[in-house]
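What follows is one structure encoded as structure tokens, with my remarks underneath.
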Amino acid sequence: MEPRLTHLDLSGRSALVTGGNRGIGLAAVRHLARAGARVTFTARSQGNVDAAMAEVPGAQGVVCDVTDRAAMAEAIAPGFDILVNNAGVIGPIGRILDVDVAEWGRNIETNLVAAFHAAQLALGPMVARGGGTIVNLSSGAARSAMEGWSAYCAGKAGLAMLTRCLHEEYGGQGVRAFGFAPGVVDTDMQGAIRASGLNPVSRLPRESLAPADEPGHAIAWLCTPAADAMAGQEVDIRTPAFRAASGLEARP
């Protein structure tokens, strides 16, 4: 069942979602817009932008790779009340002796450095306006080592610490930072994981994966004052207390 968002009100707020053309990013765009926010999202091609805008009328897409620092500076220049650092990659998937160091570095550049840069760009206008919300897409891999995912685990662990640093440095100025772990969701990334055959996650049957709509709702909820008590924390959609607070149905 699709989560109900009638109790969420983000009217008058502006949001930027990186990688917002598919999967969890597109679900976040949809739910933020449904809650009344003015939503802009990034995607890496005009075709991806056009397809997502057709699905969420009113959302505005920007062709931008998050690792392109000049393009990201231009995208964030208008200033936003909400930043969702969703764009990310899983690869290279492989044991440490089998992966290329340059590919490993590109993962960190995308999953951690680009997220830091986006947050850095967004912070100035947020502080000037008296606050804002930054949601960093986290993962259980930030806390647990997984075979074949050394880059992804390291990047997400770094992102979790970045969330804490954002809260430490700017929480007192009204900036609410959250690390959000969406669980194992049926996305293109999961397709790449299944193809690898490495670690238990690759062997999960597709029918056991959660729909992207749930984390889309949860991200929108984190952008409301109802989530204030969780600021600065890593939150996991699978936690019963989080599901109850955010209005998601309990899982069996």
Item to check | At 0.890 mPa s and 25 °C, Stokes D of the chain from Kirkwood alpha-carbon radius, µm² per second | outcome: 136
Checklist outcome for this item: Over the chain, the sum of -39500 (n - 2.57) across DSSP H runs of at least four, divided by residue number and rounded to 500 deg cm²/dmol, gives at 222 nm -12000 deg cm²/dmol
Checklist outcome for this item: Net charge near A177 (other residues with Cβ under 14 Å of its Cβ; Lys, Arg +1; Asp, Glu -1) is -3
Item to check | Calculated FRET value between F116 and A51, using beta carbons and R₀ = 30 Å, to 0.05 | outcome: 0.55
Next on the checklist: Relative contact order of the chain, please, whole-number percent, based on alpha carbon pairs below 8 angstrom and at least 6 residues apart.
Outcome noted: 20
Checklist entry - Longest span of the chain, sites excluded, free of trypsin sites (Lys or Arg not before Pro) in DSSP loop with at most 12 other C-beta atoms within 10 Å? => result 96-252
Checklist outcome for this item: Taking N as the residue count of the range 164-240, its alpha carbon Rg divided by 2.2 N^0.38 Å gives 1.35
Checklist entry - So if R0 is 25 Å, what FRET efficiency would D68 and E103 give, r being the distance between their Cβ atoms, rounded to the nearest 0.05? => result 0.85
Next on the checklist: For a distance above 21 Å, tell me the whole-number percent of Cα pairs in the range 1-146 that qualify.
Outcome noted: 46
Checklist entry - What is the local net charge at I237, summed over the other residues whose Cβ is closer than 14 Å to its Cβ (Lys, Arg +1; Asp, Glu -1)? => result -3
Item to check | Kyte-Doolittle mean at least -0.5 and Cα axial length at least 20 Å: DSSP H helices in the chain | outcome: 114-129, 150-170
Checklist outcome for this item: Counted neighbours (other Cβ, 10 Å), sorted fewest up, put W221, W149 in the order W221, W149
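Since every read-out is calculated from the coordinates, none of them should be taken as a lab result. In this text the structure is predicted, and so the values were computed from the model without any measurement. Glycine gets a Cβ as well: all are built from the backbone with ideal geometry, and neighbour counts include every protein chain shown.
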